[in-house]
Amino acid sequence: MGYPAYRPRRLRRNEKLRGLIQETELSVRHLVYPLFVKEAREERVAIPSMPDVFQFSIDGLLKEMDEVVDLAIPAVLLFGIPEKKDEVGSGAYDDDGIVQKAIRAIKQRFGDRVLVIADLCMCEYTSHGHCGVLKGGDVDNDATLRLLASAGLSQARAGADVIAPSDMMDGRVAAVRQTLDGGGFSHIPIMSYAAKYASALYGPFRDAAESAPQFGDRRGYQMDPPNALEALREMQLDIEEGADVIMVKPALFYLDILAMAKRQFGWPLAAYSVSGEYSMLKFTAAMGHLDYRRVVTEATLSIRRAGADIIITYFAKELARWAREETV
């Protein structure tokens, strides 16, 4: 008497029992690996704030891609760092720009064995580091739309499989969609950074992408962290404008937004586990305070459990290696 008829521990006794009732699957096929490519003589340049993450030359990028393809990681997210920057970010929509050259090189070597997702923003390409052209010290939303649309079309012409606008300009999904359709690329999907928060977690990324703003910040166009309902409105707008996939960024600090988005829309949903999340876990584990493999797996599982179909993570290669070990 007094014992419950249902004892959950019965199905936790060993790994095989736990596996039979596992609710959340974490598979390599859900992962996207972010990569940084720049005009450089060195094949790879270390990023001190992001251990084991590098800026690659195109030759170095192709060597990295050999491993990515061997690990069966299905997609990479490509960021470009141009040799020269200017006020209007012309490198972003130059058909001979660094990202366009990298896309062509990857596609020539690997074809359809890997998807190339092209990040679409101006911040890596502008001399001032903001995500569009400036007018009176502020980003001119509508003037920026034209440049983003041109850049997206240039990336599609280079062979990108997916275009991913990350700038947070109003109306940019519609502008890119119309331009892609008009240019003969109606088959190319858009993965929109629909709820991109003005987070304090982007610092290491800005080192890697050399994209820190030269003045002010990006809170005038990225989302305010206290707001959740606004995120749903942003996502709804992007869906209505033609986004095929919507994204929440960052991931770990915004799991509630991910879960809300999945319940509200049931739309293909991506989450970007950003540089600050990566570096926090990486440095803390290096100091011996965390079990590295377990904490990375647990963190990534939490993103998947919250509703993400696609997880963009700098841990992708390690997660893929661990998954391979478990199947041997």
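The values are calculated or read from the model by the stated rules, or taken from the named source; none is laboratory data. Everything numeric here is computed off the predicted structure, so don't read it as measured data. Cβ: placed from backbone, ideal geometry, glycine included. Neighbour counts: every protein chain shown. Ligands, DNA and RNA are excluded from the accessible area calculation, which covers all protein heavy atoms including side chains. Shrake-Rupley method; radii C 1.70, N 1.55, O 1.52, S 1.80 Å.
Restricting attention to the range 103-127, report how many residues are part of a loop (DSSP other than H, G, I, E, B) and among the polar types (S, T, N, Q).
The initial filter retains those residues of the range 103-127 that are part of a loop (DSSP other than H, G, I, E, B), namely 114, 121-125, 127.
Those still in the list that are among the polar types (S, T, N, Q) too: 127.
Number satisfying all stated conditions: 1.
Of all residues in the range 29-70, how many are touching a strand residue (DSSP E or B) at 6+ places or on another chain (Cβ under 9 Å) and surrounded by 17 or more Cβ atoms within 10 Å (Cβ to Cβ)? Steps first, answer last, please.
Looking only at the range 29-70, we keep the residues that are touching a strand residue (DSSP E or B) at 6+ places or on another chain (Cβ under 9 Å), and these are 30-40, 42-47, 52-58, 60-65, 68.
Those still in the list that are surrounded by 17 or more Cβ atoms within 10 Å (Cβ to Cβ) too: 30-38, 40, 44, 47, 53-58, 60-62, 64-65, 68.
Adding up the residues that qualify gives 24.
Of the numbered conditions (1) at negative phi; (2) open to solvent by less than 10 Å² (accessible area, probe 1.4 Å); (3) out of contact with any Asp or Glu (no Cβ under 8 Å at 6 or more places or on another chain); (4) not aromatic (F, W, Y), G129 fails exactly one; give the number of that condition.
(1)
Pick out the one residue from A308, A299, A320 that is in contact with a strand residue (DSSP E or B) (Cβ under 6 Å, 6 or more places away or on another chain), buried (at least 16 other Cβ atoms within 10 Å of the Cβ) and among the small types (G, A, S).
Numbers: A299 fails: in contact with a strand residue (DSSP E or B) (Cβ under 6 Å, 6 or more places away or on another chain); A320 fails: in contact with a strand residue (DSSP E or B) (Cβ under 6 Å, 6 or more places away or on another chain).
None of the others qualify; the one that does is A308.
Can you name the number of the only condition in (1) touching a residue at least 24 places away in the same chain (Cβ under 8 Å); (2) among the acidic types (D, E); (3) surrounded by fewer than 17 Cβ atoms within 10 Å (Cβ to Cβ) that E124 fails?
With respect to (1) touching a residue at least 24 places away in the same chain (Cβ under 8 Å); (2) among the acidic types (D, E); (3) surrounded by fewer than 17 Cβ atoms within 10 Å (Cβ to Cβ), E124 is out only on (3).
With the requirement that a residue be touching a strand residue (DSSP E or B) at 6+ places or on another chain (Cβ under 6 Å) and open to solvent by 30 Å² or more (accessible area, probe 1.4 Å), what does the range 144-176 give you?
Of everything in the range 144-176, just one residue is touching a strand residue (DSSP E or B) at 6+ places or on another chain (Cβ under 6 Å) and open to solvent by 30 Å² or more (accessible area, probe 1.4 Å), namely D161.
List every residue pair whose Cβ atoms sit under 6 Å apart, with the two residues 6 or more apart in sequence or on different chains, where the first one lies in the range 135-159 and is under 18 Å from D170 (Cα atoms) and of a type outside the set (S, T, Y) and the second, anywhere, is open to solvent by 30 Å² or more (accessible area, probe 1.4 Å) and assigned to a helix (DSSP H, G or I).
That search, which allows pairs on different chains as well, returns A149/T179.
Of the conditions (1) of a type in the set (S, T, Y); (2) part of a helix (DSSP H, G or I); (3) open to solvent by less than 10 Å² (accessible area, probe 1.4 Å), Y272 satisfies every one except a single condition; which number is it?
(2)
Does E277 meet the test of being open to solvent by less than 30 Å² (accessible area, probe 1.4 Å) and of a type in the set (D, E)? It would help to see each step written out before you state the result.
On the way: open to solvent by less than 30 Å² (accessible area, probe 1.4 Å): yes; of a type in the set (D, E): yes.
It is true that E277 is open to solvent by less than 30 Å² (accessible area, probe 1.4 Å) and of a type in the set (D, E).
Out of the residues in the range 90-102 meeting the condition of being in a loop (DSSP other than H, G, I, E, B) and in contact (Cβ under 8 Å) with a residue 60 or more places away in the chain, tell me which one is farthest from C131 (Cα to Cα).
We begin by selecting, within the range 90-102, every residue in a loop (DSSP other than H, G, I, E, B); these are 93-97.
Filter once more, so that each one left must be in contact (Cβ under 8 Å) with a residue 60 or more places away in the chain: 93-95.
Values: Y93: 14, D94: 17, D95: 19 Å.
Top of the filtered list is D95.
Table: residues versus (1) more than 19 Å from the chain's Cα centre (by Cα); (2) over 30 Å from G136 (Cβ atoms).
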| residue | (1), (2) |
| --- | --- |
| E210 | no, no |
| L255 | no, yes |
| A270 | no, yes |
| H289 | yes, yes |
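Identify all residues within the range 200-212 that are in a loop (DSSP other than H, G, I, E, B), open to solvent by 30 Å² or more (accessible area, probe 1.4 Å) and not acidic (D, E); write none if there are none.
Of the range 200-212, the ones in a loop (DSSP other than H, G, I, E, B) are 210-212.
Now drop any that are not open to solvent by 30 Å² or more (accessible area, probe 1.4 Å), which leaves 210, 212.
A212, the sole residue that qualifies.
Determine whether V45 is touching a residue at least 24 places away in the same chain (Cβ under 8 Å) and among the aliphatic types (A, V, I, L, M). Break it down into steps so the answer makes sense when it comes.
On the way: touching a residue at least 24 places away in the same chain (Cβ under 8 Å): no; among the aliphatic types (A, V, I, L, M): yes.
Taking the combined requirement at face value, the residue does not satisfy it.
Yes/no per residue for (1) assigned to a helix (DSSP H, G or I); (2) farther than 12 Å from Y193 by Cα; (3) aliphatic (A, V, I, L, M); (4) in contact (Cβ under 8 Å) with a residue 24 or more places away in the chain:
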position: L232; (1), (2), (3), (4): yes, yes, yes, yes
position: I246; (1), (2), (3), (4): no, no, yes, yes
position: F253; (1), (2), (3), (4): yes, yes, no, yes
position: R263; (1), (2), (3), (4): yes, yes, no, yes
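Anything in the range 77-101 that is buried (at least 21 other Cβ atoms within 10 Å of the Cβ) and among the small types (G, A, S)? List them, or say none.
Within the range 77-101, G80, G89, G91, A92, G97 qualify.
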